[in-house]
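Structure first, then comments.
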Amino acid sequence: MDKDTIIKKLLDASAEQRKAVAAVLSGAAIVDISKAQDQDADAYRLAKITDAAKLLAVGRSTVYKLIKTGRLETRDLNGCQRVTMRSIKEFIDGERPANEQTKALIAESKARYAQSQCK
């Protein structure tokens, strides 16, 4: 495709399409979980820690805590930790329960809160 054709297509593109092109050109990752066509394919899609944080609207340290407690699943990619899209989707949908240690901490926290409300 020649330069003139590309420019014409960009000028004719919708605002959403121009935004997507700008994101690709800037190197930003665009991930839309709702458009995933195959549930099993999400197991093979990976996101950087920062991208997972953006998807979940939390900070990187929170993503690391979710990984440590087993709420998010990761894969090692040449020494880089990546979060599976399946685990992000399951976490958002509430399908990834906390591990036993986290459940105990939550129960303990709820008990302390209940005691503080009684006083």
Can you tell me which residue within the range 73-118, out of those that are within 25 Å of Leu55 (Cβ to Cβ) and of a type in the set (Gly, Ala, Ser), is modelled with the highest pLDDT? Ser87
Of the numbered conditions (1) assigned to a helix (DSSP H, G or I); (2) modelled with pLDDT under 70; (3) surrounded by 13 or more Cβ atoms within 10 Å (Cβ to Cβ), Ala53 fails exactly one; give the number of that condition. (2)
Quick check on my filter: what residues within the range 64-86 are part of a helix (DSSP H, G or I) and in contact with a strand residue (DSSP E or B) (Cβ under 7 Å, 6 or more places away or on another chain)? Ile67, Met85
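The values are calculated or read from the model by the stated rules, or taken from the named source; none is laboratory data. This structure is a prediction, so every number in the text was calculated from the model and none was measured. Cβ: placed from backbone, ideal geometry, glycine included. Neighbour counts: every protein chain shown.
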